[in-house]
1. Looking at the stretch 381-392, I want the residues that are more than 15 Å from Ala330 (Cβ to Cβ) and have a partner that is among the hydrophobic types (A, V, I, L, M, F, W, C) and within 15 Å of ligand 1 (Cβ to nearest atom) with Cβ atoms under 6 Å, at least 6 apart or on another chain. Which pairs are those?
2. Under the condition of being within 21 Å of Glu383 (Cα to Cα) and β-branched (Val, Ile, Thr), which residue from the stretch 293-334 is farthest from ligand 2 (Cβ to nearest atom)?
3. Taking only pairs six or more apart or across chains, which ones have beta-carbon atoms under 7 Å, a first residue in the stretch 486-502 that is outside any loop (DSSP other than H, G, I, E, B), and a second residue that is not charged (D, E, K, R)?
4. If Asp345 satisfies every condition in (1) over 23 Å from Val238 (Cβ atoms); (2) acidic (Asp, Glu); (3) within 18 Å of the chain's Cα centre (by Cα); (4) assigned to a loop (DSSP other than H, G, I, E, B) but one, which is the exception?
5. State whether one or more residues within the stretch 397-420 are touching a Pro at 6+ places or on another chain (Cβ under 6 Å), within 30 Å of Asp333 (Cβ to Cβ), among the aromatic types (Phe, Trp, Tyr) and within 16 Å of ligand 1 (Cβ to nearest atom).
6. From Gly418, Gly426, Gly431, which residue is surrounded by fewer than 16 Cβ atoms within 10 Å (Cβ to Cβ) and touching a residue at least 40 places away in the same chain (Cβ under 8 Å)?
7. Residues to consider are Leu290, Leu229; find the one that is more than 16 Å from the chain's Cα centre (by Cα), within 30 Å of Thr509 (Cα to Cα), touching a residue at least 40 places away in the same chain (Cβ under 8 Å) and more than 16 Å from ligand 2 (Cβ to nearest atom).
8. Given (1) within 15 Å of ligand 1 (Cβ to nearest atom); (2) of a type outside the set (A, V, I, L, M); (3) more than 22 Å from Gly206 (Cα to Cα), identify the lone condition not met by Glu375.
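The values are calculated or read from the model by the stated rules, or taken from the named source; none is laboratory data. What you see is a predicted model, and the numbers here were worked out from it, not measured in a lab. With ideal geometry, Cβ positions are generated from the backbone for all residues, glycine too; neighbour counts draw on all protein chains shown.
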Amino acid sequence: MPTDEPGSADEPATADEPTSIRETVTDVYVLLVAAFAGVAGVAGSYAAAGFTTAWVVTPLDTFLAFNMPDFAIRFAITVLGDLGQKLSLITAIGIGVGIFATAALVAITAGRRVDVSGAGILFSVWLALPVPFLLTGAVVPAAAAAAGVGLVVGVSSIAGRPRYRGGVDPERRSVVAGLATAVGVSILGGLLGREPVAGRTVAGAGETLETVDPSEVRARLDEAEQSSLSVDGLDGLVSSSFYEVDINSVDPAVDAENWSMTITGAVENEVELDYRDLLDREPEHQFHTLRCVGEDLNGEKMDNALWTGVSVMEFLEEANPQGEYVQLRAADDFYESFPLDALEDGFLAYGMNGDTLPQGHGYPVRALIPGHWGEINVKWLTEIRVAEEEPSGYWEERGWHGTGPVKTVAKLHHERVGDDQIEVGGHAYAGVRGVSAVEVSTDGGETWTEAEISGTLPDADTQRQWVYRYDNPGERHEVVVRAIEADGTVQPDERTDAYPSGPGGWVSTTIDA
Ligand SMILES: Nc1nc2c(c(=O)[nH]1)N[C@H]1C(S)=C(S)[C@@H](COP(=O)(O)O)O[C@H]1N2
Ligand SMILES: [Mo]
């Protein structure tokens, strides 16, 4: 198909229509168009990604932050302060524009050498696509960037066709059209990018989680309700109120918009993620029970909730840990350490029962480590530090051993003594080992009978309810309860204090009938 593009093979090139790279780069008009295309590429990426790590500029900025010479970083921090950060961002934007401009320049030149209409546009789209994709791993923003580049190249090439005779010469027309397009794409990018991706507004602590489909959360909670035993006075599988334990009298107030978390220490790549990096990923909903190592044997510091978040694994893999241990650190300066293995099932939770995390439970983001004592489920999480040797933990420095798996327990929290019948009930929890049965003795541990037990939730790390009804023996007696783990292991009888490694033994109570 013959083409009327300037410089196509049909028309011998004139001095005004350069065809070689050298000629193109010395052609100020083409350079301008390429620069506008560069701007449109960055703006296109921003339109789709907003101010997130999916924006092509973010990894460039991170690259600068880690590769700037020490003295420059020190200068930026100590002298420039916030300005240093802005300069780094502006430089990163400049590099991004440069990358797309180069792609456009090469594409325009190549397009002029090929005898096909629109080749320049196609080339520019294809050349602009891989870099943002390789930098961010995000497809849509990369495609939007390429579209921005292609649009500028295309519009300016059409406007520059010699057949449009007007007062202005084709090259000027092409530059003005390129500029106008770049401005248009930038305005659009600014508007779209600022607008959080549909429904992704950042809600405050304990507010409705707007980023997830409420029907999904509803379905999971309904599922839990259906699996629950309905016993008057006994909490369901999902706790109606969730205990709170932390070292603070005033909880840290962390702004989700400014929250970020790093994976540092013995890693191949330092990873930094922000709130939107989590929201942008497909949310998972998981039930997890937490239990505090410092509670009483039949205490109230064991509760279950539906948590929304993402697996920590993906980010961990990106960091490529080079050590066997991790230390989780938080905005309240709390820290706990444990073997890396345990973190592989770890969950970065930002939602709780359909709401954002309440402030007291770690808003905006906390860790959940299935099957482990509460203390390593670090709230207000800010950092995961990988280490070759086990670092210390806040509680371990104070003599506790609460970083391991929870002990199995069956609690007795419900007691209704009728003239004819007695009803007892509670919750049992064995971490990821799972509870398969609860046994009750009404004669101080001589004989045992299986209690009625609730259904299970699909996530292993959850408590179950139990209830047991028996004829009132008409005399004072001792009720003992014990859990059976999924593999048949009977909960150990041995009584241990909470300090240092958690309460153990069978719960018992005396009932005056
Ligand atoms: N940042 C931070 N995270 C923390 C704590 C803390 O003091 N600070 N306490 C831990 C302890 S001891 C427990 S038992 C659990 C309790 O979680 P909850 O308050 O959401 O029930 O949080 C853990 N995470
Ligand atoms: Mo705890």
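1. Close Cβ pairs satisfying both conditions: Val386/Val326.
2. My answer is Val310.
3. Cβ pairs passing all conditions: Val490/Ile484; Thr496/Pro503; Thr496/Gly504; Thr496/Gly505.
4. Single failed check for Asp345: (1).
5. Here is the first cut: in the stretch 397-420, the ones touching a Pro at 6+ places or on another chain (Cβ under 6 Å) are 399-401.
Now narrow it down to the ones that are within 30 Å of Asp333 (Cβ to Cβ): 399-401.
Narrowing the set further to residues that are among the aromatic types (Phe, Trp, Tyr) leaves 400.
When the remaining residues are screened for being within 16 Å of ligand 1 (Cβ to nearest atom), the result is 400.
Looking through the stretch 397-420, at least one residue is touching a Pro at 6+ places or on another chain (Cβ under 6 Å), within 30 Å of Asp333 (Cβ to Cβ), among the aromatic types (Phe, Trp, Tyr) and within 16 Å of ligand 1 (Cβ to nearest atom).
6. It is Gly418.
7. Criteria check complete, one pass: Leu229.
8. Failing condition for Glu375: (3).
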